[in-house]
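Since the structure comes first, as structure tokens, the remarks are kept for the end.
Read the figures in this text as sums done on the coordinates, not as results from a lab. All figures in this text were calculated on a predicted structure; none of them were measured in a lab. Positions of Cβ are backbone-derived with ideal geometry, glycine not excepted, and every protein chain shown enters the neighbour counts.
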Amino acid sequence: MKRSSKTCLRYCSLLYLLIAGIHSASAQTDIDGIMMAKKNLCIGPMYGYSSWKNYWEGSLKRENLNLGTVSTQMYGVMGAYGVTHKLNILFSAPYVTTKASAGTLHGMKGFQDGSLWVKYQPIESKIGKGDLSLYGLAGVSAPLSNYVADYLPLSLGLRSKTLSLRAMGDYQIGKLFATLSGTYVFRDNIKIDRDAYYTTEMHYTNKVNMPNALSFNFRAGYRHNDIVAEAFLDNWTTLGGFDITRNNMPFPSNKMNATRLGANVKYHTRNLRWLQLVVNGNHVIAGRNVGQSTSINAGLFIVFDFLKKQAPASTTQNVQP
């Protein structure tokens, strides 16, 4: 079967971090219908900035003058490698800083959670006027440093090891496409630096049971040759947990739900085929126990093609007189 153009594009399949509001998901992971070509490595730096002033305390939307505006910056190294045309490996290692513009709480900085994903495309078929591709993904994440999890909303993350399983479908007609995916996230329990804490009842332990989570993502837009431009809507739902109590700090096992609306552009320069630019932004339009954040991200990536054919050696022989 002839391969559709979307699987031959050399765009990086990147891991985007949900660095605002929901710290738990290393979270926003690879969700596009593009595969790296065989033995191609795409790697480069990524920068992200996110901030929020209003947040949801349970279902109550409010602000906290003791926090002001909470901002997060992420400096990451991210990349993808094509083992084959149908099997990719993706990775990320983010360094995060947090800050509050008011009050006495100090921000934090350090390495957050590293992520490693395997992306497999078992099916690519012509359906009607377009091409349908189905994908299966599995990913793990783990803390890269011993940061403090019980310091929300200024913690770098939740320090929970995760296992994520995703199913994804992508359908493209001409230059237009739509992609739908669903992810189940298993989260490991964590330990905090105190021997007792209160959720909806008293716990005399330093162990915190972390609820699992479910995520859905829908994106649609334009994809052709050197550019991808898309809009997306995604939802993150914690399967358990409890609400922040009135005027209290968040807790790692809180129920943290968020719905985001955003846009993403990937550009592959024609003159510099080995260089790629990625820019995206998003805004939380609904949530529970998270900040109503606005985020922007940008990255510049280099593609290394290890499959380039070397020029064949000359077979011309010297003629002896």
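Placing +1 on each Lys and Arg Cβ and -1 on each Asp and Glu Cβ, with no other charges, gives segment 5-305 a dipole about its Cα centre of roughly 520 debye.
Please give the FRET efficiency for T200 paired with L116, using the beta carbon to beta carbon distance and R0 = 35 Å, rounded to the nearest 0.05. The value I calculate is 0.50.
Label separation (I173 vs L87): 3.5 nm, computed from points 7 Å beyond Cα along the C-beta direction.
Which of rounded, prolate or oblate describes segment 75-178 when judged by the alpha-carbon gyration tensor and an a/c cut-off of 1.5? Working shown, then result.
Numbers: a/c = 3.24, a/b = 2.35, b/c = 1.38.
Since a/c reaches 1.5 and a/b is larger than b/c, the shape of segment 75-178 is classed as prolate.
From the P(r) of segment 149-226, could you give the percentage of C-alpha pairs in the tail past 22 Å?
Values: 1469 of 3003 pairs.
Cα-Cα pairs of segment 149-226 separated by over 22 Å account for 49 percent.
When M202, M249, M78 are arranged by Cβ crowding within 10 Å, least crowded first, meaning fewest neighbours, the order is M202, M249, M78.
Return the Rg/Rh ratio of segment 86-244 with Cα-based radii and a Kirkwood Rh. Spell out each step's value before the answer.
On the way: Rg = 19.7 Å, Rh = 18.5 Å.
Ratio value, two decimals: 1.06.
For the pair segment 40-70 and segment 153-231, the centres of their Cα atoms are 15 angstrom apart. Measuring how big segment 5-305 is from its alpha-carbon positions, Rg and Dmax come out at 19.3, 63 Å. For segment 174-321, what does the alpha-carbon gyration tensor say about shape, rounded, prolate or oblate, given a ≥ b ≥ c as the root eigenvalues, a/c under 1.5 as rounded, and a/b over b/c as prolate? Judged from the Cα gyration tensor, segment 174-321 comes out prolate (a/c at least 1.5, a/b above b/c).
Quick one: length gained pulling K129 to F216 fully straight, 0.36 nm per residue minus the C-alpha distance?
28.7 nm
When segment 109-232 is described by a simple charge dipole with +1 on each Lys and Arg Cβ and -1 on each Asp and Glu Cβ, the residue from F177, G114, Y198 located farthest towards its positive end is F177.
For K161 and Y267, compute 0.36 nm times the residue count separating them, minus their Cα-Cα distance, and round to one decimal in nm. Kindly include the intermediate steps, with their values, before the conclusion.
Numbers: separation 106, 0.36 × 106 = 38.16 nm, distance 3.30 nm.
Gain on extension, K161 to Y267, equals 34.9 nm.
With a simple spin-label model that places each label point 7 Å from the Cα along the Cα-to-Cβ direction, the separation between A286 and D305 comes to 4.6 nm.
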